[in-house]
Each structure stands twice: as C-alpha cells, then as structure tokens.
Amino acid sequence: MEIKLTDIEFVANEEIKNLSSIKNTGTIYGVYYPKGEQELLFIYNFLSINNIKFIVVGKGTNILFSSQINNFFVISLKKMPKKVKKYKNHLIVASSLSIAEAFQYCYKNNLSCFEKLSTVPGSIGGAIMLNAGCFGADIFDNLVSVKILQDGKIKNIKKEKITYEYRKTNLRGLILSSTFLVTKKNRFDLIKTASNCINERIAKQPKGYSLGSIFKNPTGFSAGELIDKCGLKGTQKNDAKISEKHANFIINEGNASYDDIKYLIDLAHEKVKEKFGIDLELEIKIYP
C-alpha cells in the first residue's frame, strides 16, 4: 500500500514534556509519530530530500529541547512496534524498544545480554548511537550488527565496521534494528545482576525528571566530583536544580524551562574549567 504524508500521525506544537525525560516547559513546532517501518522510512526520506531540519527521538533520555525552535521537526519512535526476534544465538531488536524491555524479554527467555544495562533508561537505537553504558558494561559489548538507513539506502553494518569509543560512535543515519549475541543463563543469575545494578543506581543517582549524566567523565576524573568540588551541589535556577545527591545530574522539580536548565549546565562547565582547567564535554544533546 502506498503511503501518503497525511497517513502519518502529526502533532503541531507538541509539548516538550512528551518527548524529553527532563520534561522542561515549552513546545516543539511539529512531531511525526510513525506506527511502522514503512511510515518511518517515508517521513525520514521526505524530510531529508526536502532539506527540512529534523531529529529522530526514541525515549528522549539525553535530549534537551529549546522551545524556540521554528521550522524544526521531530520524528518520535514512541508509537513504533516493539519487535524482538530470536534467531539461534542472536537477538534482533527494533530500535524503538527500550533497554529495559529488551532485558525483560531476555529474562523471560533465560538469555544473557542486557542485565548490566537494564537500568539505562533509553531506547536501543539511541543507546547504540551514543554507545551508552553503565557499571562497566556498554551496549556495544554484545552488539553484532545494525540495520540502518543511510543516504536513502538500508544497510547492514557489522560492529567491526563501526568506530566507537566512550559515549561516542561514528554512526549516522537512522537505526532500524540491531542484532545482539545472547547466551543461555538462568533467571536467578540474571535478576541478581540486574538487581545489584538497580540498587547501585538508587544509592548513587537521584530520583526525578532528569537527562541522566549531563557531562562525560574526563579521563581519570568524575564529572560529578569536579562539579561538587566547585560547590555547586544544590544550586538552583527556578525549578531546575543541580542534584544534591549527584552533581552531574540536573533535576526538574516542576516547571523548569530550557533557559533554567541551560543556565546550570553553562555554570557547571564554566566553574569546572575555571577551577581545574578541564573543559567538560556534554554527554547529552542540546537542540538548538
């Protein structure tokens, strides 16, 4: 069936809180919500060919949006099918699936792959693009290949052909699905590992609406400790606050705006550079 632009769900002036995990105030010019791969490919190619600015968002756990974006569109994967398929010792996972959902599938099927990453709040596609990780594990550890749309063509790229490092890859385009290596493991061991990670996260990281770690850890340093040593824990700008539990987190305590959050990001960056001579690099993405 031929797809038309009008077939794809579109919301004008969508609230940012529906797209980003920090839920700051404001609206986005327009958001497309494709419900299948064909719709996704159609709108991605349509916007690309017509040189219209846009980004693709999964769960929005590392994206800070400004409400001052005009003629800027978002493609949200929120309503895409959450497909998972096992083939021999491989797991083929849709990019829209969250890491937590992927772990739940593995847990139910006695498969080891995502237990150390189960607390990472993002989607599989976004995690691969940024090589997300925690507790000594990275999404690339068990990755085999990605199915990706680049330059209007769908390609299958093996991990060996991808350049990746700490919280960074050279991938560009739209990841449609990915293949991971899985091994058999009993549920007790899976849930024990996941529970230990959950408990450690609860102990070290704050609750509330946030984007996770704002800055990457510089080599040999903790970004949170550097910010803390600048005396910035608890610093607040309206409803945005540098967490008192972990200084590399900014919490939205209600109705924080982009400007409130950005002010604290810039303040932390400036003070760390001033005190330690270290130029912190963002782990999150900021638009614009």
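The values are calculated or read from the model by the stated rules, or taken from the named source; none is laboratory data. On a predicted model such as this, the values are computed, not experimentally measured, just so you know. Glycine gets a Cβ as well: all are built from the backbone with ideal geometry, and neighbour counts include every protein chain shown.
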Sole exception among (1) more than 30 Å from Gly152 (Cα to Cα); (2) surrounded by 13 or more Cβ atoms within 10 Å (Cβ to Cβ); (3) at pLDDT 95 or above for Arg201, by number: (3)
The one condition in (1) within 15 Å of Ser21 (Cα to Cα); (2) charged (D, E, K, R); (3) within 20 Å of the chain's Cα centre (by Cα) that Glu281 fails to fulfil: (1)
Residues of segment 77-105 satisfying the condition of being over 15 Å from Thr179 (Cα atoms) and either assigned to a loop (DSSP other than H, G, I, E, B) or not assigned by TED's automatic domain parsing to the domain that holds Lys158 (or both): Leu77, Lys78, Lys79, Met80, Pro81
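Could you pull out the residue among Phe10, Phe65 that is crowded, with 16+ Cβ neighbours inside 10 Å and either more than 30 Å from Leu111 (Cβ to Cβ) or in the same structural domain as Ser177 (by TED's automatic domain parsing) (or both)?
Values: Phe10 fails: crowded, with 16+ Cβ neighbours inside 10 Å.
None of the others qualify; the one that does is Phe65.
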Every residue from segment 155-173 that is in contact (Cβ under 8 Å) with a residue 24 or more places away in the chain, surrounded by fewer than 17 Cβ atoms within 10 Å (Cβ to Cβ) and out of contact with any helix residue (DSSP H, G or I) (no Cβ under 8 Å at 6 or more places or on another chain): Glu165, Tyr166, Lys168
Residue that is farthest from Asn170 (Cα to Cα) [pool: residues in segment 121-131 that are outside any strand (DSSP E or B) and touching a residue at least 40 places away in the same chain (Cβ under 8 Å)]: Pro121
Contacts under 7 angstrom Cβ, first residue in segment 71-90 being over 19 Å from Thr27 (Cβ atoms), partner assigned to a loop (DSSP other than H, G, I, E, B) and among the small types (Gly, Ala, Ser), 6 or more apart: Leu77/Gly58; Leu77/Ser95; Leu77/Ser96; Met80/Ser96; Pro81/Gly36; Lys82/Ser96
